[in-house]
Amino acid sequence: MSEFKKTVRQAQAIDLLSGPAKCSALFGGSRSGKTFILLYALLIRAAKIPSRHLILRQNFNHIKRSIYYDTLPKVLSLCFPKLRPRTNKSDLFITLANGSEIFLGGLDDGPRVEKILGTEYSTIWFNEASQIDYSSAQMALTRLAQKNDLKKRVWMDFNPPRKTHWSYWLFEKHMDPSKEEPLLDPENYVSLLMNPADNLDNIDSEYLTLLESMPLKERARFLLGEYTDESDGQAYYAFRRDKHVQPVKREQGTVFLFEDFNVDPGSAVAAQYIDGKIYCFDEIFLHNSDTYKMANEFRIKGLGGAVIIPDSTGANRKTSGQSDFQILKEAGFTIRSTRNPFVTDRVNNVNRLFADDKIVIDPKCKKLINDLEKVSWKNNELDQSGANKHLTHISDCLGYGCWSLEPFNRTTAKIEFQTPTGRK
(Lines give C-alpha, C1' and ligand atoms only; values in the text may rest on other atoms or scores of the structure.)
Protein backbone atom coordinates (compact mmCIF):
# COMPACT_ATOMS: atom_id res chain seq x y z
CA MET A 1 0.00 0.00 0.00
CA SER A 2 1.31 3.47 -0.88
CA GLU A 3 1.64 6.27 1.62
CA PHE A 4 -1.91 7.58 1.64
CA LYS A 5 -2.32 10.19 4.35
CA LYS A 6 -5.81 10.62 5.73
CA THR A 7 -7.05 13.98 6.89
CA VAL A 8 -8.01 14.27 10.55
CA ARG A 9 -11.67 14.06 9.64
CA GLN A 10 -11.16 11.05 7.37
CA ALA A 11 -9.41 9.24 10.23
CA GLN A 12 -12.45 9.99 12.40
CA ALA A 13 -14.65 8.65 9.61
CA ILE A 14 -12.74 5.35 9.58
CA ASP A 15 -13.25 5.04 13.34
CA LEU A 16 -16.98 5.66 12.87
CA LEU A 17 -17.37 3.21 9.97
CA SER A 18 -15.56 0.45 11.87
CA GLY A 19 -17.26 1.17 15.19
CA PRO A 20 -20.09 -0.71 16.91
CA ALA A 21 -22.98 1.05 15.13
CA LYS A 22 -24.66 -0.81 12.28
CA CYS A 23 -25.69 2.28 10.29
CA SER A 24 -23.20 5.11 9.74
CA ALA A 25 -23.58 8.30 7.72
CA LEU A 26 -21.01 10.78 6.49
CA PHE A 27 -22.71 14.05 5.68
CA GLY A 28 -21.58 17.56 4.93
CA GLY A 29 -20.45 19.95 2.25
CA SER A 30 -19.27 19.31 -1.27
CA ARG A 31 -15.79 17.86 -1.95
CA SER A 32 -15.19 17.03 1.70
CA GLY A 33 -13.73 13.56 1.05
CA LYS A 34 -16.81 11.53 2.05
CA THR A 35 -17.00 9.30 -1.03
CA PHE A 36 -13.26 8.75 -1.19
CA ILE A 37 -12.91 7.55 2.39
CA LEU A 38 -16.02 5.35 2.15
CA LEU A 39 -14.64 3.62 -0.93
CA TYR A 40 -11.26 3.25 0.80
CA ALA A 41 -12.96 1.61 3.81
CA LEU A 42 -15.09 -0.63 1.59
CA LEU A 43 -12.10 -1.98 -0.31
CA ILE A 44 -10.33 -2.82 2.95
CA ARG A 45 -13.46 -4.52 4.22
CA ALA A 46 -13.88 -6.53 1.02
CA ALA A 47 -10.21 -7.61 1.07
CA LYS A 48 -10.56 -9.19 4.54
CA ILE A 49 -12.67 -12.20 3.53
CA PRO A 50 -14.58 -13.27 0.39
CA SER A 51 -17.78 -11.21 0.48
CA ARG A 52 -20.21 -9.14 -1.56
CA HIS A 53 -20.87 -5.41 -1.19
CA LEU A 54 -23.30 -3.01 -2.85
CA ILE A 55 -23.14 0.70 -3.64
CA LEU A 56 -26.51 2.21 -4.62
CA ARG A 57 -27.46 5.64 -5.90
CA GLN A 58 -30.73 6.93 -7.27
CA ASN A 59 -29.42 7.41 -10.82
CA PHE A 60 -27.45 4.66 -12.56
CA ASN A 61 -25.58 6.95 -14.96
CA HIS A 62 -24.52 9.19 -12.07
CA ILE A 63 -22.97 6.37 -10.04
CA LYS A 64 -21.34 5.02 -13.17
CA ARG A 65 -19.64 8.33 -13.94
CA SER A 66 -18.89 9.57 -10.42
CA ILE A 67 -17.71 6.39 -8.71
CA TYR A 68 -16.96 3.64 -11.23
CA TYR A 69 -15.08 5.85 -13.70
CA ASP A 70 -13.82 8.57 -11.34
CA THR A 71 -13.44 7.94 -7.59
CA LEU A 72 -12.77 4.18 -7.79
CA PRO A 73 -9.72 4.50 -10.12
CA LYS A 74 -8.36 7.32 -7.94
CA VAL A 75 -8.66 5.30 -4.73
CA LEU A 76 -7.12 2.22 -6.32
CA SER A 77 -4.23 4.19 -7.79
CA LEU A 78 -3.43 6.23 -4.70
CA CYS A 79 -4.19 3.77 -1.91
CA PHE A 80 -4.07 0.25 -3.39
CA PRO A 81 -1.81 0.26 -6.48
CA LYS A 82 -1.13 -3.50 -6.19
CA LEU A 83 -4.75 -4.54 -5.71
CA ARG A 84 -5.66 -4.66 -9.43
CA PRO A 85 -9.25 -5.99 -9.27
CA ARG A 86 -10.97 -7.46 -12.33
CA THR A 87 -13.59 -5.10 -13.73
CA ASN A 88 -16.90 -5.84 -15.42
CA LYS A 89 -18.01 -2.66 -17.16
CA SER A 90 -21.21 -4.10 -18.58
CA ASP A 91 -22.65 -5.17 -15.21
CA LEU A 92 -20.70 -2.54 -13.26
CA PHE A 93 -18.89 -4.55 -10.60
CA ILE A 94 -15.32 -5.39 -9.62
CA THR A 95 -13.84 -8.62 -8.27
CA LEU A 96 -10.89 -8.72 -5.89
CA ALA A 97 -8.24 -11.43 -5.85
CA ASN A 98 -9.93 -13.16 -2.89
CA GLY A 99 -13.20 -13.39 -4.80
CA SER A 100 -14.93 -10.46 -3.08
CA GLU A 101 -17.26 -8.47 -5.32
CA ILE A 102 -18.38 -4.85 -5.17
CA PHE A 103 -21.49 -4.06 -7.21
CA LEU A 104 -22.74 -0.59 -8.22
CA GLY A 105 -26.32 0.18 -9.20
CA GLY A 106 -28.93 2.85 -9.77
CA LEU A 107 -32.42 2.60 -8.33
CA ASP A 108 -33.84 4.16 -11.51
CA ASP A 109 -32.69 1.14 -13.58
CA GLY A 110 -35.46 -1.38 -12.85
CA PRO A 111 -34.17 -4.58 -14.53
CA ARG A 112 -30.60 -4.02 -13.40
CA VAL A 113 -31.46 -3.23 -9.79
CA GLU A 114 -33.84 -6.22 -9.68
CA LYS A 115 -30.95 -8.42 -10.73
CA ILE A 116 -28.63 -6.84 -8.14
CA LEU A 117 -31.17 -7.22 -5.36
CA GLY A 118 -31.51 -10.90 -6.16
CA THR A 119 -28.45 -11.65 -4.03
CA GLU A 120 -27.25 -10.89 -0.50
CA TYR A 121 -24.57 -8.50 0.72
CA SER A 122 -22.36 -7.75 3.70
CA THR A 123 -22.36 -3.98 3.15
CA ILE A 124 -24.93 -1.71 1.52
CA TRP A 125 -23.79 1.85 0.90
CA PHE A 126 -26.29 4.49 -0.21
CA ASN A 127 -24.35 7.09 -2.17
CA GLU A 128 -25.97 10.56 -2.19
CA ALA A 129 -28.70 9.20 0.10
CA SER A 130 -30.55 12.53 0.07
CA GLN A 131 -31.71 11.62 -3.46
CA ILE A 132 -33.16 8.27 -2.37
CA ASP A 133 -36.63 7.79 -0.89
CA TYR A 134 -36.95 5.83 2.33
CA SER A 135 -39.08 2.99 0.92
CA SER A 136 -36.43 2.24 -1.73
CA ALA A 137 -33.72 2.19 0.92
CA GLN A 138 -35.77 -0.17 3.07
CA MET A 139 -36.33 -2.49 0.12
CA ALA A 140 -32.60 -2.67 -0.56
CA LEU A 141 -31.78 -3.35 3.08
CA THR A 142 -33.66 -6.65 2.94
CA ARG A 143 -30.59 -7.93 1.04
CA LEU A 144 -28.15 -7.13 3.87
CA ALA A 145 -27.93 -10.77 4.86
CA GLN A 146 -24.81 -12.46 3.46
CA LYS A 147 -23.65 -15.24 5.77
CA ASN A 148 -20.01 -14.69 6.74
CA ASP A 149 -17.91 -13.36 9.62
CA LEU A 150 -18.22 -9.69 8.65
CA LYS A 151 -20.46 -7.46 10.73
CA LYS A 152 -23.30 -6.34 8.46
CA ARG A 153 -23.13 -2.61 7.85
CA VAL A 154 -25.16 0.16 6.25
CA TRP A 155 -23.27 3.24 5.09
CA MET A 156 -24.58 6.50 3.69
CA ASP A 157 -23.19 9.76 2.41
CA PHE A 158 -25.00 12.94 1.43
CA ASN A 159 -25.04 16.70 1.27
CA PRO A 160 -27.58 17.60 3.96
CA PRO A 161 -31.04 17.96 2.38
CA ARG A 162 -34.14 19.64 3.78
CA LYS A 163 -35.08 18.89 7.37
CA THR A 164 -38.17 17.06 6.15
CA HIS A 165 -35.98 14.37 4.52
CA TRP A 166 -35.84 11.01 6.26
CA SER A 167 -32.06 11.22 6.77
CA TYR A 168 -32.49 14.20 9.10
CA TRP A 169 -35.07 12.41 11.21
CA LEU A 170 -33.10 9.17 11.28
CA PHE A 171 -29.67 10.54 12.21
CA GLU A 172 -30.40 13.87 13.91
CA LYS A 173 -33.74 13.23 15.60
CA HIS A 174 -33.28 9.44 15.99
CA MET A 175 -36.86 8.92 14.80
CA ASP A 176 -38.04 5.96 12.73
CA PRO A 177 -39.24 7.58 9.46
CA SER A 178 -41.71 4.76 8.73
CA LYS A 179 -43.22 4.31 12.19
CA GLU A 180 -42.84 8.00 13.10
CA GLU A 181 -41.70 7.22 16.62
CA PRO A 182 -38.35 7.17 18.47
CA LEU A 183 -35.85 4.55 17.33
CA LEU A 184 -35.61 1.48 19.55
CA ASP A 185 -31.83 1.35 19.00
CA PRO A 186 -30.56 4.92 18.46
CA GLU A 187 -27.01 3.80 19.26
CA ASN A 188 -26.97 2.00 15.90
CA TYR A 189 -27.42 5.24 13.92
CA VAL A 190 -24.37 7.48 14.00
CA SER A 191 -23.10 10.24 11.75
CA LEU A 192 -20.10 12.49 11.17
CA LEU A 193 -20.03 15.98 9.68
CA MET A 194 -17.36 16.39 6.97
CA ASN A 195 -16.91 19.74 5.25
CA PRO A 196 -14.60 21.14 2.55
CA ALA A 197 -12.59 22.94 5.24
CA ASP A 198 -11.70 19.47 6.61
CA ASN A 199 -10.28 18.47 3.23
CA LEU A 200 -8.05 21.42 2.33
CA ASP A 201 -5.10 19.13 1.53
CA ASN A 202 -7.05 17.62 -1.36
CA ILE A 203 -9.06 20.47 -2.92
CA ASP A 204 -8.18 23.65 -4.74
CA SER A 205 -8.43 26.86 -2.73
CA GLU A 206 -10.38 28.44 -5.60
CA TYR A 207 -13.11 25.85 -5.13
CA LEU A 208 -13.51 26.90 -1.50
CA THR A 209 -13.75 30.53 -2.65
CA LEU A 210 -16.48 29.47 -5.08
CA LEU A 211 -18.49 27.84 -2.29
CA GLU A 212 -18.06 30.89 -0.08
CA SER A 213 -19.53 33.11 -2.82
CA MET A 214 -22.72 31.06 -3.15
CA PRO A 215 -26.13 32.35 -1.99
CA LEU A 216 -26.88 31.83 1.70
CA LYS A 217 -28.91 28.60 1.42
CA GLU A 218 -26.51 26.93 -1.02
CA ARG A 219 -23.53 28.03 1.08
CA ALA A 220 -25.10 26.55 4.20
CA ARG A 221 -25.59 23.20 2.49
CA PHE A 222 -22.49 22.78 0.29
CA LEU A 223 -19.89 24.67 2.36
CA LEU A 224 -21.06 24.34 5.96
CA GLY A 225 -22.89 21.01 5.65
CA GLU A 226 -26.07 22.25 7.30
CA TYR A 227 -29.51 20.79 6.82
CA THR A 228 -31.62 23.34 5.03
CA ASP A 229 -35.09 24.65 5.71
CA GLU A 230 -36.28 25.74 2.29
CA SER A 231 -39.64 26.56 3.78
CA ASP A 232 -40.62 29.82 5.40
CA GLY A 233 -40.62 28.15 8.82
CA GLN A 234 -42.28 25.39 10.83
CA ALA A 235 -46.05 25.86 10.83
CA TYR A 236 -46.78 24.42 14.28
CA TYR A 237 -43.82 25.95 16.06
CA ALA A 238 -45.47 25.88 19.50
CA PHE A 239 -45.83 22.09 19.53
CA ARG A 240 -43.39 20.22 21.76
CA ARG A 241 -43.39 16.42 21.77
CA ASP A 242 -41.99 16.20 25.32
CA LYS A 243 -44.64 18.59 26.59
CA HIS A 244 -47.82 17.95 24.62
CA VAL A 245 -47.65 14.18 24.02
CA GLN A 246 -49.00 12.26 27.00
CA PRO A 247 -51.19 9.17 27.47
CA VAL A 248 -54.86 10.12 27.09
CA LYS A 249 -57.67 8.02 28.50
CA ARG A 250 -61.08 8.23 26.86
CA GLU A 251 -63.70 9.42 29.35
CA GLN A 252 -67.48 9.16 29.44
CA GLY A 253 -69.23 11.85 27.41
CA THR A 254 -69.13 13.36 23.96
CA VAL A 255 -66.49 12.22 21.51
CA PHE A 256 -65.54 14.51 18.66
CA LEU A 257 -64.12 13.50 15.32
CA PHE A 258 -62.19 16.27 13.58
CA GLU A 259 -62.32 15.22 9.92
CA ASP A 260 -60.64 16.32 6.70
CA PHE A 261 -62.40 15.15 3.53
CA ASN A 262 -59.73 13.79 1.27
CA VAL A 263 -59.24 10.57 -0.69
CA ASP A 264 -55.58 9.86 -0.14
CA PRO A 265 -55.32 10.01 2.77
CA GLY A 266 -58.67 10.20 4.49
CA SER A 267 -57.94 11.42 8.00
CA ALA A 268 -59.57 12.27 11.31
CA VAL A 269 -58.64 12.91 14.94
CA ALA A 270 -60.73 11.52 17.80
CA ALA A 271 -60.85 13.87 20.79
CA GLN A 272 -62.72 15.04 23.85
CA TYR A 273 -63.12 18.57 25.18
CA ILE A 274 -62.74 18.64 28.95
CA ASP A 275 -62.30 21.62 31.27
CA GLY A 276 -61.18 23.88 28.44
CA LYS A 277 -58.63 21.41 27.04
CA ILE A 278 -58.67 19.27 23.91
CA TYR A 279 -57.58 15.67 24.52
CA CYS A 280 -56.75 13.74 21.33
CA PHE A 281 -56.89 10.02 22.09
CA ASP A 282 -56.89 8.39 18.63
CA GLU A 283 -56.49 9.03 14.91
CA ILE A 284 -57.69 7.60 11.62
CA PHE A 285 -55.46 7.72 8.53
CA LEU A 286 -56.61 5.74 5.48
CA HIS A 287 -55.05 5.68 2.03
CA ASN A 288 -57.34 5.44 -1.03
CA SER A 289 -60.31 6.16 1.15
CA ASP A 290 -63.81 7.56 0.76
CA THR A 291 -66.48 8.68 3.23
CA TYR A 292 -68.10 5.22 3.43
CA LYS A 293 -64.74 3.66 4.36
CA MET A 294 -64.07 6.38 6.92
CA ALA A 295 -67.50 5.91 8.53
CA ASN A 296 -66.88 2.17 8.74
CA GLU A 297 -63.46 2.74 10.32
CA PHE A 298 -65.04 5.08 12.89
CA ARG A 299 -67.45 2.31 13.91
CA ILE A 300 -64.69 -0.32 14.06
CA LYS A 301 -62.78 1.93 16.49
CA GLY A 302 -65.86 2.27 18.69
CA LEU A 303 -66.55 5.86 17.67
CA GLY A 304 -70.10 5.40 16.38
CA GLY A 305 -72.42 8.28 17.17
CA ALA A 306 -69.60 10.77 17.61
CA VAL A 307 -70.00 14.46 16.83
CA ILE A 308 -68.05 15.26 13.67
CA ILE A 309 -66.39 18.63 13.30
CA PRO A 310 -65.56 18.58 9.61
CA ASP A 311 -63.84 20.40 6.86
CA SER A 312 -66.86 22.46 5.73
CA THR A 313 -66.28 21.50 2.08
CA GLY A 314 -67.88 18.14 2.92
CA ALA A 315 -71.29 19.75 2.56
CA ASN A 316 -70.70 19.99 -1.20
CA ARG A 317 -68.19 17.21 -1.89
CA LYS A 318 -69.97 14.07 -3.10
CA THR A 319 -69.33 10.33 -2.96
CA SER A 320 -71.64 8.21 -5.15
CA GLY A 321 -74.12 11.06 -5.59
CA GLN A 322 -74.47 11.93 -1.91
CA SER A 323 -72.64 14.66 -0.03
CA ASP A 324 -70.14 13.54 2.58
CA PHE A 325 -72.32 15.12 5.25
CA GLN A 326 -75.37 13.10 4.14
CA ILE A 327 -73.39 9.84 4.20
CA LEU A 328 -72.13 10.49 7.72
CA LYS A 329 -75.57 11.50 9.01
CA GLU A 330 -77.11 8.32 7.60
CA ALA A 331 -74.33 6.35 9.32
CA GLY A 332 -75.48 7.75 12.68
CA PHE A 333 -73.05 10.60 13.19
CA THR A 334 -73.90 14.16 14.18
CA ILE A 335 -72.41 16.87 11.98
CA ARG A 336 -71.55 20.12 13.68
CA SER A 337 -72.05 23.18 11.52
CA THR A 338 -68.71 24.82 10.68
CA ARG A 339 -67.11 27.32 8.38
CA ASN A 340 -63.46 26.93 7.45
CA PRO A 341 -61.34 29.84 8.70
CA PHE A 342 -58.42 31.24 6.77
CA VAL A 343 -55.52 28.78 6.86
CA THR A 344 -53.24 31.22 8.67
CA ASP A 345 -55.90 31.87 11.32
CA ARG A 346 -56.44 28.15 11.80
CA VAL A 347 -52.72 27.44 12.22
CA ASN A 348 -52.21 30.44 14.51
CA ASN A 349 -55.07 29.26 16.67
CA VAL A 350 -53.51 25.81 17.07
CA ASN A 351 -50.19 27.40 18.05
CA ARG A 352 -52.02 29.59 20.59
CA LEU A 353 -53.59 26.52 22.19
CA PHE A 354 -50.28 24.65 22.31
CA ALA A 355 -48.64 27.68 23.92
CA ASP A 356 -51.44 27.76 26.50
CA ASP A 357 -51.13 23.99 27.11
CA LYS A 358 -54.70 23.38 25.99
CA ILE A 359 -53.98 20.43 23.69
CA VAL A 360 -52.87 16.96 24.82
CA ILE A 361 -52.10 14.21 22.28
CA ASP A 362 -51.83 10.49 22.97
CA PRO A 363 -48.60 8.82 21.72
CA LYS A 364 -50.67 6.50 19.49
CA CYS A 365 -51.50 9.52 17.27
CA LYS A 366 -48.27 9.04 15.33
CA LYS A 367 -49.41 10.61 12.07
CA LEU A 368 -50.66 13.72 13.84
CA ILE A 369 -47.44 14.10 15.83
CA ASN A 370 -45.41 13.64 12.65
CA ASP A 371 -47.44 16.33 10.90
CA LEU A 372 -47.05 18.81 13.72
CA GLU A 373 -43.27 18.37 13.65
CA LYS A 374 -42.83 18.48 9.86
CA VAL A 375 -45.47 20.72 8.28
CA SER A 376 -43.94 23.99 7.14
CA TRP A 377 -44.86 27.14 5.28
CA LYS A 378 -43.68 27.67 1.72
CA ASN A 379 -44.65 30.71 -0.33
CA ASN A 380 -47.39 31.54 2.21
CA GLU A 381 -48.95 28.08 1.89
CA LEU A 382 -48.62 24.85 3.80
CA ASP A 383 -46.03 22.83 1.88
CA GLN A 384 -47.33 19.66 0.21
CA SER A 385 -44.64 19.36 -2.45
CA GLY A 386 -42.48 16.29 -3.10
CA ALA A 387 -42.05 14.09 -0.06
CA ASN A 388 -44.57 16.25 1.83
CA LYS A 389 -47.59 15.25 -0.27
CA HIS A 390 -49.24 13.29 2.56
CA LEU A 391 -48.53 15.95 5.14
CA THR A 392 -50.96 18.68 6.36
CA HIS A 393 -54.17 16.63 6.18
CA ILE A 394 -54.32 15.26 9.71
CA SER A 395 -53.01 18.47 11.26
CA ASP A 396 -55.76 20.24 9.28
CA CYS A 397 -58.18 17.99 11.16
CA LEU A 398 -56.84 19.22 14.47
CA GLY A 399 -57.13 22.78 13.22
CA TYR A 400 -60.82 22.39 12.33
CA GLY A 401 -61.57 20.96 15.77
CA CYS A 402 -59.62 23.62 17.62
CA TRP A 403 -61.31 26.40 15.66
CA SER A 404 -64.74 25.03 16.49
CA LEU A 405 -64.13 24.28 20.19
CA GLU A 406 -61.60 26.97 21.12
CA PRO A 407 -61.56 29.80 18.54
CA PHE A 408 -59.72 33.06 19.10
CA ASN A 409 -62.86 34.67 20.54
CA ARG A 410 -64.18 31.89 22.70
CA THR A 411 -67.11 33.87 24.04
CA THR A 412 -68.75 33.85 20.60
CA ALA A 413 -68.56 30.08 20.21
CA LYS A 414 -71.74 28.09 20.85
CA ILE A 415 -70.72 24.93 22.64
CA GLU A 416 -73.64 22.51 22.73
CA PHE A 417 -72.63 19.03 23.81
CA GLN A 418 -72.47 16.78 26.84
CA THR A 419 -69.40 17.64 28.92
CA PRO A 420 -67.43 14.64 30.21
CA THR A 421 -66.40 14.47 33.81
CA GLY A 422 -63.37 16.56 34.69
CA ARG A 423 -59.87 15.11 34.63
CA LYS A 424 -57.81 14.93 37.76
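The values are calculated or read from the model by the stated rules, or taken from the named source; none is laboratory data. Just so it is clear, the model here is predicted, and its values are computed rather than measured. Positions of Cβ are generated from backbone atoms using ideal geometry, with glycine treated the same way; all protein chains shown enter the neighbour counts.
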Enumeration of residues in the range 12-39 that are in contact with a Lys or Arg (Cβ under 8 Å, 6 or more places away or on another chain) and either assigned to a helix (DSSP H, G or I) or at negative phi (or both) | ALA13, ILE14, LEU17, LYS22, CYS23, SER24, LEU26, PHE27, GLY29, SER32, PHE36, ILE37
Yes/no for ARG250 being in a helix (DSSP H, G or I), among the basic types (Lys, Arg) and in contact (Cβ under 8 Å) with a residue 24 or more places away in the chain | no
Only one of (1) of a type in the set (Asp, Glu); (2) free of Cβ contacts under 8 Å to residues at least 24 places away in the same chain; (3) surrounded by 15 or more Cβ atoms within 10 Å (Cβ to Cβ) fails for GLU226. Which number is that?
-> (2)
Pick out the one residue from ASP157, ASP185, ASP201 that is among the charged types (D, E, K, R) and farther than 23 Å from GLN138 by Cβ.
-> ASP201
State which residue pairs qualify: first residue assigned by TED's automatic domain parsing to the domain that holds GLY105 and free of Cβ contacts under 8 Å to residues at least 60 places away in the same chain and inside the range 69-81, second residue of a type in the set (S, T, N, Q) and part of a helix (DSSP H, G or I) in any location, beta carbons under 8 Å apart, and separation of 6 or more residues or different chains.
-> THR71/THR35
Restricting attention to the range 109-137, and to residues there that are more than 22 Å from SER66 (Cβ to Cβ) and touching a Ser or Thr at 6+ places or on another chain (Cβ under 7 Å), which single residue is modelled with the highest pLDDT?
-> SER122
Just one listed residue, out of ILE55, ILE116, is crowded, with 19+ Cβ neighbours inside 10 Å and either acidic (Asp, Glu) or under 28 Å from GLY225 (Cα atoms) (or both), and it is ILE55
Select, from ALA137, ALA145, the only residue that is under 24 Å from LEU170 (Cβ atoms), small (Gly, Ala, Ser), surrounded by 17 or more Cβ atoms within 10 Å (Cβ to Cβ) and in the same structural domain as LEU54 (by TED's automatic domain parsing).
-> ALA137
State yes or no: is ARG240 of a type in the set (Lys, Arg), at pLDDT 90 or above and surrounded by fewer than 17 Cβ atoms within 10 Å (Cβ to Cβ)?
-> yes
Taking the range 201-222 and keeping only residues that are touching a residue at least 24 places away in the same chain (Cβ under 8 Å) and in a loop (DSSP other than H, G, I, E, B), one is left with ASP201, ASN202, ILE203
Search the range 184-212 for residues being farther than 22 Å from LEU56 by Cβ and of a type in the set (A, V, I, L, M, F, W, C), and hand back the single one that is surrounded by the fewest Cβ atoms within 10 Å (Cβ to Cβ).
-> LEU184
In the range 84-109, the residues that are of a type outside the set (Ser, Thr, Tyr) and part of a strand (DSSP E or B) = ARG86, ASN88, PHE93, ILE94, GLU101, ILE102, PHE103, LEU104, GLY105, GLY106
Looking at the range 156-182, which of the residues that are in a loop (DSSP other than H, G, I, E, B) and charged (D, E, K, R) is surrounded by the fewest Cβ atoms within 10 Å (Cβ to Cβ)?
-> LYS179
Taking LYS6 and the conditions (1) under 25 Å from the mean Cα position of the chain (by Cα); (2) surrounded by 16 or more Cβ atoms within 10 Å (Cβ to Cβ); (3) part of a loop (DSSP other than H, G, I, E, B), which numbered condition does it fall short on, given that it satisfies the others?
-> (1)
Within the set of pairs 6 or more residues apart or between chains, which connect a residue that is on the phi < 0 side of the Ramachandran plot and at pLDDT 90 or above inside the range 177-200 to a residue that is of a type in the set (Gly, Ala, Ser) and part of a helix (DSSP H, G or I) with Cβ atoms less than 7 Å apart?
-> LEU192/ALA13; MET194/ALA13
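Conditions (1) part of a helix (DSSP H, G or I); (2) touching a helix residue (DSSP H, G or I) at 6+ places or on another chain (Cβ under 9 Å), marked per residue:
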{"site": "LYS82", "(1), (2)": "no, no"}
{"site": "PRO111", "(1), (2)": "yes, no"}
{"site": "SER130", "(1), (2)": "yes, yes"}
{"site": "SER135", "(1), (2)": "yes, no"}
{"site": "GLN138", "(1), (2)": "yes, no"}
{"site": "VAL154", "(1), (2)": "no, yes"}
If we scan the range 188-196, do we find a residue that is outside any helix (DSSP H, G or I), over 30 Å from LEU372 (Cβ atoms) and in contact with an Asp or Glu (Cβ under 8 Å, 6 or more places away or on another chain)?
-> no
Taking the range 264-296 as the search range and keeping residues that are within 19 Å of GLU180 (Cβ to Cβ), modelled with pLDDT of 95 or more and among the charged types (D, E, K, R), which one is surrounded by the most Cβ atoms within 10 Å (Cβ to Cβ)?
-> GLU283
Pull up the range 58-87, narrow it to residues that are exposed (fewer than 12 other Cβ atoms within 10 Å of the Cβ) and among the polar types (S, T, N, Q), then point me to the one that is nearest to ASP149 (Cα to Cα).
-> SER77
